[in-house]
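*Asks:* Take this structure, written in structure tokens, and hold onto it; I'll ask about it next.
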Amino acid sequence: MTDISYKNWNSMSDKALAEHIGAFIKHHRLEQNKTQEILAQAAGISRSTLSLLERGETVTLATLIQVLRILDQLHIMDVFIVQQTISPLTLAKMEKKKRKRARGKKEETKNETDW
């Protein structure tokens with residue numbers, strides 16, 4: 001799991017991706033010295049469901065999230081952060097509306113009458 005090689009995720013089949021996720025779960029479970037039974041019980045799922053997940057079989061997204069939470073691996077959710085982007089056209093319109101020059105304040109005219 002510490003292999004830093006490049007993976008071409010787009011060329012992998014859905015089954016291969018699910019197996020990769022399963023290997024990730026199994027690696028972290030074993031790293032924390034937890035049995036399938038202990039992890040499944042803590043996550044509120046059956047041991048057979050956890051076994052399916054680790055083999056890359058179909059499980060629900062909720063199950064995956066529960067297991068990631070127990071393994072303290074929810075930080076991987078950072079890759080799903082949505083950042084707002086501005087189109088170049090909108091950016092150009094905003095730049096056009098920006099002030100280009102500063103105007104000095106007009107001095108108020110004072111009535112110079114001595115009383």
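Read the figures in this text as sums done on the coordinates, not as results from a lab. This structure is a prediction, so every number in the text was calculated from the model and none was measured. Cβ: placed from backbone, ideal geometry, glycine included. Neighbour counts: every protein chain shown.
*Asks:* Arranged by the count of other C-beta atoms within 10 angstrom, fewest first, what order do L89, L53, L74, L64 take?
*Replies:* L89, L74, L64, L53
*Asks:* Would you please calculate the Kirkwood hydrodynamic radius of segment 15-81 over all C-alpha pairs and express it in Å, rounded to one decimal?
*Replies:* When all Cα pairs of segment 15-81 are included, the Kirkwood radius is 11.7 Å.
*Asks:* Expressed in nm to one decimal, what extension gain is obtained for the pair K96 and I38 from 0.36 nm per residue of sequence separation less their Cα-Cα distance?
*Replies:* Using 0.36 nm per residue and subtracting the Cα-Cα distance, I get 14.8 nm.
*Asks:* Let me ask you something else. Please report F80, F24 as a ranked list, fewest other C-beta atoms within 10 angstrom at the top and most at the bottom.
*Replies:* By the 10 Å Cβ count, ascending, the order reads F80, F24.
*Asks:* Per residue, what volume in Å³ does the Cα convex hull of the chain take up? Write down the numbers at each step before the final one.
*Replies:* Values: hull volume 32.5 nm³, N = 115.
Roughly 283 Å³ of hull volume per residue.
*Asks:* Can you give me the three principal axis dimensions of segment 52-97 from its C-alpha atoms, in Å, biggest first?
*Replies:* Result, largest extent first: 56, 21, 14 Å.
*Asks:* Would you calculate, for the chain, the mean residue ellipticity at 222 nm contributed by helices, counting each DSSP H stretch of 4 or more residues as -39,500 (n - 2.57) and dividing by all residues, to the nearest 500? Walk me through the numbers on the way to the answer.
*Replies:* On the way: 5 runs with 55 residues, N = 115.
Per the formula, -14500 deg cm²/dmol.
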